[in-house]
């Protein structure tokens, strides 16, 4: 009688499962890197936007985190485009406008 030797199992590294915002950020980062628009100096910005995407995915009802996330996305895009930070500051000022009904005279 011939003994059967069990097949050797190969363990694969688990594929990280991201939420929709982190997945979109990863696609954006890959595209910018492939185009040569992100460099090592952008690592902190990339890490910040990845972390914020994870937080937004875990708590999508938190408007404050969404605001920070959108600002971080714009910062990565602006740095990749070579635009100036002054333009980014103008964008943040525009996004930071007060909300609510306008005061009546």
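No lab work stands behind these numbers, since they all come straight from the coordinates. It should be emphasised that the depicted structure is a prediction, and the values quoted were computed from it without experimental measurement. As a convention, Cβ positions derive from the backbone with ideal geometry for all residues, glycine included, and neighbour counts pool all protein chains shown.
Neighbour counts of C-beta atoms inside 10 Å place 30, 8 in the sequence 8, 30, starting with the fewest. Working from label points 7 Å from Cα in the Cα-to-Cβ sense, the residue 23 to residue 94 distance is 3.0 nm. Distance between the 7 Å Cα→Cβ label points at residue 30 and residue 62: 2.7 nm.
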